[in-house]
Amino acid sequence: MPTVAAFTDSYLPTVNGVTYTVSTWRDRWRERGGEMPVVYPRSSHDPGAGEYDVPSLRFPFYDGYRVALPRTPSAVADVDADLVHAHTPFGLGLAGWRYAHGHDVPLVASYHTPTAEYADYVVPDAATGPVRAASERWERWFLDRADLVLTPSERARDHVWDLGVDVPVEPLPNGVDVDQFRPVDADDFRRRYSLPDDRPLVGYTGRHGYEKQLFDLVEAAEDLEATLVFGGDGPARDDLEAAARDRGVDARFLGFLDREDLPAFYSVLDAFAFPSPVETEGLVALEANACGTPVAGVNAGALAETVVDGETGYHYEPGDIEGFRTAIRRTLAERDRLSENCLDRRDDVSVARAIEELRSVYEQLLD
């Protein structure tokens, strides 16, 4: 098994899709006898074996995100990697490129997040267009320096192609830890958070960001006989709570949930609702499915393929609130059948399958 150095700007203690993917891939790679040292921005997370933290600054526009310098950190001078895998096009992604170039080893780049999509809330309206254009130019420049670009979905691959990237691009889903994410008894979770048992529970967990379009969920729930359950936190939370109060929607905001609690969170739900159009994979939707919970999701971005319409949930078109409401109702009405389909697909979306595909990709590059 080759030694693969992972360079990432998102890592523990921040919890998001990139952090989960990097840490899970590292653990599973080790289980197979390989090494995957991780280089990440210095934070409150103390580095363990095979972890290298480098000086960083807080990024003011995104909670939990830190910016590291793009030079190759001296902390990784002793790392002897056969291949570099960059999980960011910015600070430490550049450091990974410099390492790969200086050590004459292949560079793989994962395209996790379309950074241009976040320009709408990071900068003033007047600057959104130029910032989006600059972000896309930078992404194209960086990705063109990789030997291979991996995307977590075919939709994300198509987006990278649209950027004009001139290197091979392959879809490779990040995968779900199906040993952890499985149906569990959620009675204790329901009691702990005083969730009702006499009406359907429709939920979402993840970052409460404006780009996630969570206000569409609150509006769609206005005419549903259901309780909304939000896990996670973020800059839009206060406004979401206010919107729910104004519309008379029964919404429970649980705050940040430990990862160990997520299987119970998904299992207690009758439907998972996912209105975010900016996902490159929609990992939480796959986690919900692995726990037997179907998804009502927007027909945009990666969710257009992550949710299999009529099989693991239902789609609605972006911005169509009545369509969203209908998708939730259909998902609730057909929950038992959809849940069985979700459970039948667990092996297909597992991280074990993803790691085997990843190993094949690495070996082909090294050969």
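Just a few scattered comments:
- The chain: antiparallel DSSP beta bridges as a percent of all, rounded to 5: 5 percent
- Point-charge dipole on Cβ atoms (K/R +1, D/E -1) for segment 196-256, about Cα centre, debye to 20: 240 debye
- With Cα atoms, 0 to 90° folded angle of helix 154-163 axis to the chain main axis: 50 degrees
- Highest to lowest packing among 280-293, 336-349, scored as the average C-beta count within 10 Å: 280-293, 336-349
- Test item: Cα-centred dipole of the chain, Lys/Arg +1 and Asp/Glu -1 on Cβ, debye: 720 debye
- Helix 91-103 vs. the chain, principal-axis angle (Cα, 0 to 90°, nearest 10): 30 degrees
- Residue among 236, 333, 304 farthest towards the positive dipole end of segment 187-348, charges placed on Cβ: 236
- Cβ-based exposure ranking for 36, 1, in which fewest neighbours within 10 Å come first: 1, 36
- For the pair residue 333 and residue 170, a Förster radius of 35 Å applied to the C-beta separation gives a FRET efficiency near 0.40, rounded to the nearest 0.05.
- 0 to 90° range, to nearest 10: angle between helix 321-333 axis and the chain longest Cα axis: 80 degrees
- From the C-alpha gyration tensor of the chain, square roots of 5λ in Å: 35, 22, 19
- A straight line joining the Cα centroids of segment 172-192 and segment 202-224 runs 21 Å.
- When 87, 103, 159 are arranged by Cβ crowding within 10 Å, least crowded first, meaning fewest neighbours, the order is 103, 159, 87.
- Highest mobility in the GNM of the chain, judged by mean-square fluctuation with C-alpha springs under 10 Å and restricted to 191, 42, 145, is found for 191.
Quick note: the coordinates plus some simple rules give every number you see, no bench work behind them. A quick note: this is a predicted structure, and the numbers were derived from the prediction, not measured. Note that we place each Cβ from the backbone using ideal geometry, even for glycine, and neighbour counts take in every protein chain shown.
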